[in-house]
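Structure, as structure tokens:
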Amino acid sequence: MTMASKAFSPDMSVTAEWRDFLALTKPRVLSLVVFTGLCGLLAAPVSINPVLGFTAVLCIALGAGAAGALNQWYEADLDALMHRTANRPLPAGRMDRQSALHFGVGVGAFSVLLMGLAVNLLAAVLLLLSILFYVMIYTVWLKRRTPQNIVIGGAAGAFPVLIGWAAATGRVEALPVLMFALVFLWTPPHFWALALFVKADYTKAGVPMLPVVAGIRTTRAQVLLYTVPMVIAAVAPWPLGLTGAIYGVGASALSAIFLVLAVRVGFSTEGDATLMKPERHLFAYSIVYLFATFGLLVADKALIA
Amino acid sequence: MNVTPPENQAEIRRRQRSRSIVTALVLGALVILFYAISIAKML
């Protein structure tokens, strides 16, 4: 919380800072979404006008930001209970809920309209689906009801690569579908590695994350189980002839490291969250892994072209 | 009656001003973007 927001009474919260609106969009999550969307666009076999390409990536960012804002609007009560999220604009009292709702709906609608008018209809439909999926299916329906929330919710984060590809080509093809599968299958090990060492927060907030509901041992096994199909999805484009050796060798090496880290998590017996090093290593590496794999996809296409 | 203290008023004004500046910059950027999109769609 800023000094200013600490110093003033609750009526100050209706005049939120512009930085608070930016924080609503979850900028750190946004960077990954924008990157995968951009890679989908750049890896496509058809080149797009740079202005329209920029517009497509901007729309993906705005759509994801709007979904993040609506997520925070709906989950303000949960966020207030968790150490990691208690300082967000709504639980910290720096913004009123209605402003967050208006901001999320307004930016989301604008992003879909702009994508439809400036780029193409398929990209706009996929963007709309991804926003609705994240807000309605993940945030409202699944997150508080099932420990599989992350599995289904992962699809929302996997959409940008499809949208980027569709923006460039106007079609959905095998390679972006495999990359969609990669992000979809990457999400459970990524989030469950985090959930293992912040389990206390989720327990306090009553969120049925897998470590809370099924226990640490089951979660570790699930991390390992999801990593296997994720590695297959990551490497598959090479033997299928959809990418070249640059991607194939690079993705194989990166995936092998991911698998080793997941095995360490899978066979760990540590119960103290502060000592869960394999989980922390896997969580940190999983972010690097996704950036690097998608970077390789673009590098492969650029070097072959 | 609920009276806002002067120091709060000053802080509210500061926030409103910074939000207005950011809104103006965003609108200006959108004008440029829409113009560029119009040209790109004609090509």
Task: Per-region count, the stretch A:134-157, residues part of a helix (DSSP H, G or I) and within 21 Å of A:Asp77 (Cα to Cα) - done: 12
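Being in contact (Cβ under 8 Å) with a residue 24 or more places away in the chain, surrounded by fewer than 22 Cβ atoms within 10 Å (Cβ to Cβ) and in contact with a helix residue (DSSP H, G or I) (Cβ under 8 Å, 6 or more places away or on another chain) is true for just one of A:Pro237, A:Pro229. Which residue is that?
Details: A:Pro237 fails: surrounded by fewer than 22 Cβ atoms within 10 Å (Cβ to Cβ).
Result of the check over A:Pro237, A:Pro229: A:Pro229.
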Open item on the list: Take the conditions aliphatic (A, V, I, L, M), at pLDDT below 95 and outside the structural domain of A:Tyr202 (by TED's automatic domain parsing) and apply them to A:Val107. Does it pass?
Closed with: no
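Checking the conditions here, which among A:Leu162, A:Leu114 is assigned by TED's automatic domain parsing to the domain that holds A:Thr25, outside any loop (DSSP other than H, G, I, E, B) and of a type in the set (A, V, I, L, M, F, W, C)?
Working: A:Leu162 fails: assigned by TED's automatic domain parsing to the domain that holds A:Thr25.
The match here is A:Leu114.
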Task: Qualifying helices (runs of 4 or more DSSP H) (wholly inside the stretch A:11-90; at least 2 residues being over 20 Å from the mean Cα position of the chain (by Cα) and within 14 Å of chain B (Cβ to nearest Cβ)) - done: A:18-24, A:50-74
Open item on the list: Looking only at chain B, filter to residues that are over 22 Å from the mean Cα position of the chain (by Cα) and more than 10 Å from chain A (Cβ to nearest Cβ); which one of those is modelled with the lowest pLDDT?
Closed with: B:Met1
Task: Residue, nearest to A:Leu30 (Cα to Cα), within the stretch A:266-284, restricted to residues that are buried (at least 19 other Cβ atoms within 10 Å of the Cβ) and at pLDDT 95 or above - done: A:Phe283
Open item on the list: Condition (residue is farther than 30 Å from B:Phe34 by Cα and in contact (Cβ under 8 Å) with a residue 40 or more places away in the chain) applied to the stretch A:109-125: is it met by at least one residue?
Closed with: no
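The values are calculated or read from the model by the stated rules, or taken from the named source; none is laboratory data. For clarity, every value in this text was computed on a predicted model and none was experimentally measured. Neighbour counts run over all protein chains shown; Cβ positions are idealised from the backbone, glycine included.
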